[in-house]
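Asker: What follows is a single structure, and I will ask about it in a moment.
The values are calculated or read from the model by the stated rules, or taken from the named source; none is laboratory data. For clarity, every value in this text was computed on a predicted model and none was experimentally measured. Counting neighbours? That spans all protein chains shown, and the Cβs are built from the backbone with ideal geometry, glycine included.
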Amino acid sequence: MSELAPQLPPERRELIAFCIDDQEYCVDIMSVREIRGWSPATPLPQTPDYIRGVINLRGAVLPIMDLAERIGLPPTQPSVRSVIIVVKVGERLMGLLVDAVSDILTISEDVIQATPDVACDRVKAFVRGLISMEGRMISEIALERLLPDVESLAA
Amino acid sequence: MDELEEIKATFFQECDELLGDLEQGLLRMEEGATHGETVNAVFRAVHSIKGGAGAFGLDALVRYAHVFETLLDGVRSGKIEAVPDLVRALLRAADVLADQVTAARTGGESDAGETAAMVAELEAWTAGEGHAGGGDAAADDGEPDFKPISLAPAAAGGDDDDFGFKPMSISLDDFGAPPAAEAAEWTVVFKPATSLYAKANEAGLLLRELERLGPIQTQVNDEALPPFDDLDPEQAYLSWIVKVDGAVTEAAIQEVFEFVDGDCELKVTRGGGEDQAPDLAALIAASQAPEAAPEADAADDGATRVEALLAAAQASEPLPSLDAPAPEAPVVMDAPAVAEPEPEPEPEPVIEPMAVAEVAPPAAQDRPAAPVAVAKAQPAQAPARQGAGEPAAAQSTIRVDPERIDRLIDLVGELVINQAMLAQRVAEHGFAPSSSIVMGLDELEQLTRGIQDGVMAIRAQPVKSVFQRMPRLVREVAGMTGKPARLIMEGENTEVDKTVIERLSEPITHMLRNALDHGLESPEARRAAGKPAEGVVRLAALHRGGRIVIEVGDDGGGINRPKVRQIATDKGLIAADAVLTDEEVDNLIFLPGFSTASTVSDISGRGVGMDVVRRSVQALGGRISISSRPGEGSTFTLSLPLTLAVLDGMVVDVAGHTLVVPLSAIIESLRPKRDDVRPLGPQGAVLAVRETYVPIVDIGCVLGFRDAAIGPADGVVLLVESEDGGRAALVADAIQGQRQVVIKSLEANYKQVEGIAAATILGDGRVALIVDVDAVVGMRRREPAPARPADQTLYAAE
């Protein structure tokens, strides 16, 4: 994977941007393993609502997280246009349910602005920073904070 | 370089096996098998490790193994008696050897102090007999590649001597002849076998080589030569008696014959000429004592063979002249393995030796050649053929990288899923059951299943690999607690999938420690109770109902129920007035935070004891239970699935979800009638199943798939048995069918989910969850049950 990535100066990064509830968010492209269409997930009992269940990813069991619900927005209504972004967090794979993928951005680290204090705690917990691009505001998601309980389990 | 590393890796793999064999052998010796093949096997294991270590220049390991081997050789030859204390010392020595091997493998350091102490102890045992008998001549004759004398200067001069190894004073002058005979000349009896000539060696050249060492006198013995008409020109009939100057060392003489070892009979003795005749007579006489020949064959080195022949000769025709000049005679007399020759020389010599000498059938045709043929039997083969009653000879095996097998298993797993998907598609199209497509699919299913079973069998391993680490653990824990204990192991060859084997070690270790530390009483208490001071811990493995069952039992005091109760009450684990059966009290020890030891010891009892074992066992889909009798001991029973890769399951519908219930937990499935459901209390109900009443558990409710339970009569009931033997009626909406499913971990990408054991992928490609039956039954009790307020008081104790 890494050897295929274009050689960028260390401070340059590529991000995948996507829409949730008419807002734009992004994740580092290096974490993304694949992007696939929505398929119904098998619900898991005893789990938070934002875990939509698990799907079969070529023989592996992949948990699906509704990113909107996780960061406090209204739950996503999955449709045929919905997309699952498969990301790798630590040693685990996870599917993020989002409305649509919108863009691939190449930015330098210094254009990322700190999350302003006005944001609520929940947003601050999951947003690493804000990027301003052609008048759009895109928030970068801190993937490793999405599943805090998984993190502590892995430790 | 990599190649060398690879060979080295193979060597260490073999070391593991050899260490296992060593320990097994020593344990058999502990049980009383102190001679014959058992001791030989033990000796060979250490010898092989030493040999391999030498090839890789692992000097520390070689030095230690040598000391160990020297002692074992004494035991093997019967000079040192294998008393229980010695066997125990040998067992500890084997532990140290294992440490040394580990140190050599990892490039780390072994415990120098421990090693030095062990070396000293081994040497003391060796020296303890030291001067009796004729020293180690037997070993030297048998293994010309092993020269103690060359070791002495190396060890003495070496600064790399990291555990203060002191060479034993095995110098060649020490054994064999008394000092008075120092200058006496050597008598070499050399009898070439046919194979010597067949391998293009030449007796004349060897004799000439011998001559270079010093002046020699040669005398040929042609007694065995048949009349000319009977002569087979390709047979060896002649032997030589050579007198060599006394100043020459025996090692030098042996070296001349180094390359014909095994192809001739060679006897080097100090002394005059009187014994030539007896020697030859002995060889010939031995051929007349067929009982002695196989006996000699069983021994695994050439020297013992020769001695056996001699012993046979002595027994059959005693020659007083033999004793005086031949210094080795006492050794021969001492060797127990050869001490039972046929007292009466049998007149028909040919048949028996021939049977023994399958390796060289032509040589056995003639009477004089018979002993030669016997001598030709290769050491490695002889014990294998003779090993009746001992473990079977090594089977031919191949070594395969486990990753390759794992990959194969993954692929087969995908194949099973794919085949199921295909079957489902075909079913959706409504083909007739007799159509060729459906029949073909049936065959495919059988084949798939066959492949799966075959592949799983490849990965199945005997639990031995886990069990063989346990004797050491028991020795160490017994040493630490001061409670002498003996471990009895049963069913070590029970096979189970590798995935399970890897995870057996921890719970077994924990249970054994627990048995020793908490189960067994102190020796004083045992004696007071009229039991032997030494405790017995039993570790057994067996297959039962498609699962592997591991039992760890002790003959200790059993569970002290009043104390357990008291502790549980003190710690607030149960209500003081709770009414509990004995079984329930026993099971309290599995509660988190429970520890019965009054003092927290190093070995167990940090309060993380049995509940951790129980949880790790449950995570594997296993169950653990305990049975105990006061004064007689306790037994922990661990039951695990045979594999963690596939599972036979019942596919059911619950509130629109597809779930899999492990078949192993299901006793039966039934469709109860409405009046089988008996109300109990204001809200509760039980199900009557043939005169017994079982609690009703709605899977959908417990897992949160629906709020209101459906009546058992509206769905189907799976009667299940949970880990503590209790039964429950699981209610589902409908049964889809029975299927073998491939287990997929939820933890790999997510985390454990309560009530769910794992996931699988069904024929339609969707994920289905596998129900953790015990957890679901357990969760029912803890449910915040607003609909059943009675429950809260009932289970307040928990």
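Asker: Determine whether the stretch B:100-109 contains at least one residue that is without any contact (Cβ under 8 Å) to a residue 40 or more places away in the chain, of a type in the set (Ser, Thr, Tyr) and within 20 Å of B:Arg475 (Cβ to Cβ).
Answerer: Scanning the stretch B:100-109 turns up at least one residue that is without any contact (Cβ under 8 Å) to a residue 40 or more places away in the chain, of a type in the set (Ser, Thr, Tyr) and within 20 Å of B:Arg475 (Cβ to Cβ).
Asker: How about the stretch B:546-574: which of its residues are small (Gly, Ala, Ser), at pLDDT 80 or above and surrounded by fewer than 20 Cβ atoms within 10 Å (Cβ to Cβ)? Lay out the reasoning, then the answer.
Answerer: So in the stretch B:546-574, the residues small (Gly, Ala, Ser) come out as B:546, B:553, B:556-558, B:568, B:572.
If we keep only those that are at pLDDT 80 or above as well, we get B:553, B:556-558, B:568.
Matches in the stretch B:546-574: B:Gly558 only.
Asker: Also: Please go through the stretch A:70-81 and pick out each residue that is basic (Lys, Arg) and either in a strand (DSSP E or B) or surrounded by fewer than 19 Cβ atoms within 10 Å (Cβ to Cβ) (or both). Full working, then the answer.
Answerer: First pass over the stretch A:70-81, keeping only residues basic (Lys, Arg): A:70, A:81.
Answer for the stretch A:70-81, where residues must be basic (Lys, Arg) and either in a strand (DSSP E or B) or surrounded by fewer than 19 Cβ atoms within 10 Å (Cβ to Cβ) (or both): just A:Arg81.
Asker: Can you tell me which of (1) surrounded by 15 or more Cβ atoms within 10 Å (Cβ to Cβ); (2) away from every other protein chain (no Cβ under 14 Å) is the one B:Gly413 doesn't meet?
Answerer: All conditions pass for B:Gly413, except number (2).
Asker: Another question, if that's okay. When you check A:Val118 against the structure, is it within 18 Å of A:Gly129 (Cβ to Cβ), more than 14 Å from chain B (Cβ to nearest Cβ), outside any strand (DSSP E or B) and β-branched (Val, Ile, Thr), yes or no? Step through it out loud before you land on a result.
Answerer: On the way: within 18 Å of A:Gly129 (Cβ to Cβ): yes; more than 14 Å from chain B (Cβ to nearest Cβ): yes; outside any strand (DSSP E or B): yes; β-branched (Val, Ile, Thr): yes.
So A:Val118 passes the test.
Asker: Within the stretch A:39-69, restricting attention to residues that are within 14 Å of chain B (Cβ to nearest Cβ) and under 15 Å from the mean Cα position of the chain (by Cα), which residue is surrounded by the most Cβ atoms within 10 Å (Cβ to Cβ)? Talk me through it step by step, then tell me what you get.
Answerer: First, pick out the residues of the stretch A:39-69 that are within 14 Å of chain B (Cβ to nearest Cβ): A:39-65.
Filter once more, keeping what is under 15 Å from the mean Cα position of the chain (by Cα): A:50-52, A:62-65.
Details: A:Tyr50: 19, A:Ile51: 22, A:Arg52: 24, A:Leu62: 23, A:Pro63: 25, A:Ile64: 27, A:Met65: 22.
Residue satisfying both the conditions and the ranking: A:Ile64.
Asker: Please determine, by comparing only the residues of the stretch B:543-583 that are free of Cβ contacts under 8 Å to residues at least 12 places away in the same chain and of a type outside the set (A, V, I, L, M, F, W, C), which one is farthest from B:Pro471 (Cα to Cα). Break it down stepwise before answering.
Answerer: Initial filter on the stretch B:543-583 (free of Cβ contacts under 8 Å to residues at least 12 places away in the same chain): B:562, B:566, B:569-570, B:572, B:576-577, B:579, B:581.
Add one more test, that the residue is of a type outside the set (A, V, I, L, M, F, W, C), and what stays is B:562, B:566, B:569-570, B:572, B:577, B:581.
Working: B:Pro562: 32, B:Gln566: 34, B:Thr569: 36, B:Asp570: 36, B:Gly572: 37, B:Asp577: 43, B:Thr581: 35 Å.
Once the filter is applied, the top-ranked residue is B:Asp577.
Asker: I've got another one for you. Cβ-Cβ under 8 Å, sequence separation 6+ or interchain: first residue in the stretch A:129-155 and at pLDDT 75 or above, partner among the aromatic types (Phe, Trp, Tyr) and in a helix (DSSP H, G or I). Which pairs?
Answerer: A:Ile141/A:Phe126; A:Ala142/A:Phe126; A:Arg145/A:Phe126; A:Leu146/A:Phe126
Asker: Just name the residue that is nearest to the other protein chains (Cβ to nearest Cβ) out of those in the stretch B:762-789 that are under 22 Å from A:Arg58 (Cβ atoms) and modelled with pLDDT of 85 or more. Spell out the reasoning first.
Answerer: Within the stretch B:762-789, the subset under 22 Å from A:Arg58 (Cβ atoms) is B:762-770.
Add one more test, that the residue is modelled with pLDDT of 85 or more, and what stays is B:766-770.
Working: B:Arg766: 6, B:Val767: 4, B:Ala768: 7, B:Leu769: 7, B:Ile770: 11 Å.
Residue satisfying both the conditions and the ranking: B:Val767.
Asker: Moving to a separate point now. Which one of these is within 26 Å of B:Asp764 (Cβ to Cβ) and in contact (Cβ under 8 Å) with a residue 60 or more places away in the chain: A:Arg81, A:Arg12, A:Arg92, A:Arg58? Break it down into steps so the answer makes sense when it comes.
Answerer: Numbers: A:Arg81 fails: in contact (Cβ under 8 Å) with a residue 60 or more places away in the chain; A:Arg12 fails: within 26 Å of B:Asp764 (Cβ to Cβ); A:Arg58 fails: in contact (Cβ under 8 Å) with a residue 60 or more places away in the chain.
After ruling out the rest, the residue left standing is A:Arg92.
Asker: Which is part of a strand (DSSP E or B), in contact with a Lys or Arg (Cβ under 7 Å, 6 or more places away or on another chain) and either farther than 26 Å from B:Val702 by Cβ or more than 8 Å from chain B (Cβ to nearest Cβ) (or both), of A:Ile35, A:Ile84?
Answerer: Numbers: A:Ile35 fails: in contact with a Lys or Arg (Cβ under 7 Å, 6 or more places away or on another chain).
So the residue among A:Ile35, A:Ile84 that is part of a strand (DSSP E or B), in contact with a Lys or Arg (Cβ under 7 Å, 6 or more places away or on another chain) and either farther than 26 Å from B:Val702 by Cβ or more than 8 Å from chain B (Cβ to nearest Cβ) (or both) is A:Ile84.
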